[in-house]
Amino acid sequence: PRPRTLLLTGAAGGMGTLMRGLLPAYGYELRLLDVRPVPGEPGAITADLADKDALREAVRGVDAILHLAGISLESSFEKILRANIEGTYNLYEAAREEGVRRIVFASSNHAVGFTPRPQGTDPLIPVAVPHRPDTFYGLSKAFGEDLAQFYWDKHGLETVSARIGSCFQEPTSVRMLSIWLSPGDGARLFDAALTAEDVGHTVVYGSSANTRLWWDLSPARALGYEPRDDSEQYAGKLLAEQGELDPEKPEGSRLGGEFTTDPPIWPH
Ligand code: NAI
Ligand code: 15L
């Protein structure tokens, strides 16, 4: 049966805000959680992923979880450990204890960020590449994917791990032209990941159907995802401003871009 009640973690964040707007139209009743208050949502649960009791209560009775909460850029190992590694473990453990059937995990391209990006006629990057995290942040996403596999194999808790590219209103760099996930396609991808049958633990790349795509979208399409957007409308402007990526430099030749050399730092 189609999940109805959905716990959205990270509801105050960039994607959380976009998805709060878009997912109700698919029929989901959202329960919101974030460590920060969610603007305009007095009913949201304000809780840290470190608070096991709060998580247990937050997941009670939901059909599924869309797990967006966590540190979304590079930070110290200690902070990443607490929010992303222990925090994701705490959420899975709460879900297992309360019998939640499915989690959609916001993994990232940075779990495999040192993978070379295709050049010329190279094939698209398949999902089945080894983890090559480019940051402690990416390492925490690689951990999350393994955690999800473990909870499926050991406890029958299903996950779709979506290695998201760049989900923002518009792409803002030449690299993002290849990995941009439009907000509308993000909602379509999450809906597919929440409703596809028998996913076990499935890993997919998450982007729109971009002309300059670097990776294989067929695993996401196999879930029923039908992207409608393409970043190409932004290409002229971004290329004029920034020029082509330099394939001689790691930040231009690896999937993770500048995260491989000079990652943006989590400001909090
Ligand atoms: P964001 O940084 O805007 O939002 C993350 C939210 O998580 C924030 O509202 C923050 O308060 C909350 N949070 C952080 N630590 C927490 C904790 N310990 N307990 C409870 N809540 C906590 O990030 P964004 O861009 O919305 O990304 C959402 C998720 O998707 C993140 O997990 C990120 O790693 C992942 N992702 C996002 C991409 C993007 O392009 N936006 C690309 C790839 C992955
Ligand atoms: C991510 O994983 C980050 O959360 C997001 O802020 C973007 O920087 C994105 O990757 C990216 O690679 O552009």
Once amide H atoms are placed 1.01 Å from N in the peptide plane, what residues at a sequence separation of 5 or more from residue 161, or on another chain, have their amide H within under 5 Å of its amide H?
105, 202, 203, 204
From the backbone phi of segment 32-41, what are the Karplus-calculated ³J(HN,Hα) couplings (6.51 cos²θ - 1.76 cosθ + 1.60, θ = phi - 60°) in whole Hz, Gly and Pro given as x?
9, 9, 7, 6, 9, x, 9, x, x, 10
For segment 44-127, max minus min Cα coordinate along each principal axis, in Å, sorted largest first?
51, 30, 21
What residue among 251, 241, 86 shows peak mean-square fluctuation when the chain is described by a Gaussian network model with Cα springs under 10 Å?
241
Longest principal axis of the chain (C-alpha) makes with the long axis of helix 136-155 (C-alpha) an angle, in degrees to the nearest 10, of 50 degrees
Under 14 Å, Cβ to Cβ, from residue 80 - net charge with Lys/Arg +1 and Asp/Glu -1:
-1
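Quick check on segment 5-260: take the gyration tensor over C-alpha atoms, sort the square-rooted eigenvalues as a ≥ b ≥ c, and tell me if it's rounded (a/c under 1.5), prolate or oblate.
Values: a/c = 1.64, a/b = 1.55, b/c = 1.06.
Verdict is prolate for segment 5-260.
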Long-range amide H partners of residue 31 with built H, under 5 Å
6, 7, 8
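Using the count of nearby Cβ atoms within 10 Å as a rough guide to exposure, how do 216, 153 rank from fewest to most? Numbers along the way, then the final one.
Values: 216 17, 153 11.
The most exposed by this proxy come first: 153, 216.
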How big is the gap, in Å, between the Cα center of segment 177-216 and the Cα center of segment 224-268?
17 Å
On C-alpha positions alone, give me the angle between the axis of helix 183-195 and the longest principal axis of the chain, in degrees, nearest 10.
50 degrees
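Treating the beta-carbon of each Lys and Arg as +1 and of each Asp and Glu as -1, no other charges, what is the dipole magnitude of segment 5-260 about its Cα centre, to the nearest 20 debye?
Values: 24 positive and 36 negative charges, 16 e Å.
Rounded to the nearest 20 debye, it is 80 debye.
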Give a residue-ordered list of calculated ³J(HN,Hα) values for segment 226-236 (Karplus: 6.51 cos²θ - 1.76 cosθ + 1.60, θ = phi - 60°; whole Hz; x for Gly, Pro).
10, x, 10, 10, 8, 6, 4, 4, 9, 5, x
Could you pull out the longest piece of the chain with no exposed loop trypsin sites (Lys or Arg not before Pro) in it, calling a site exposed if DSSP puts it outside H, G, I, E, B and it has at most 12 other Cβ atoms within 10 Å?
5-227
If you take the charge dipole of the chain about its Cα centre, with +1 on Lys and Arg Cβ and -1 on Asp and Glu Cβ, which of 190, 125, 137 is farthest toward its positive end?
190
Phi-derived 3J(HN,Hα) across segment 8-13 with the Karplus relation (6.51, -1.76, 1.60, θ = phi - 60°), rounded Hz, x for Gly and Pro, is 9, 8, x, 5, 8, x
5 Å is the cut-off here: which amide hydrogens, built 1.01 Å from N in the peptide plane, fall below it relative to residue 166, excluding neighbours closer than 5 in sequence?
180, 181
First measure r as the distance between the Cβ atoms of residue 5 and residue 197, then evaluate 1/(1 + (r/R0)^6) with R0 = 22 Å and state the FRET efficiency to the nearest 0.05.
0.70
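Where Lys and Arg each count +1 and Asp and Glu each count -1, what net charge lies around residue 14 among other residues with Cβ under 13 Å from its Cβ? Could the numbers behind the result be given before it?
On the way: positive: 20, 36; negative: 34, 170.
Its environment carries a net charge of 0.
Roughly how many debye, to the nearest 20, is the charge dipole of segment 1-109 about its Cα centre, given +1 on each Lys and Arg Cβ, -1 on each Asp and Glu Cβ, and no other charges? Walk me through the numbers on the way to the answer.
Numbers: 13 positive and 14 negative charges, 75 e Å.
That gives segment 1-109 a dipole magnitude of about 360 debye.
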Anchor residue 249: lysines whose Cα lies under 28 Å away (excluding residues fewer than 8 positions away in-chain)
141, 237
Treating the beta-carbon of each Lys and Arg as +1 and of each Asp and Glu as -1, no other charges, what is the dipole magnitude of segment 83-122 about its Cα centre, to the nearest 20 debye?
180 debye
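Quick note: the coordinates plus some simple rules give every number you see, no bench work behind them. All values derive from a computational prediction rather than experimental measurement. Note: ideal-geometry Cβ built from the backbone for every residue, glycine included; neighbour counts use all protein chains shown.
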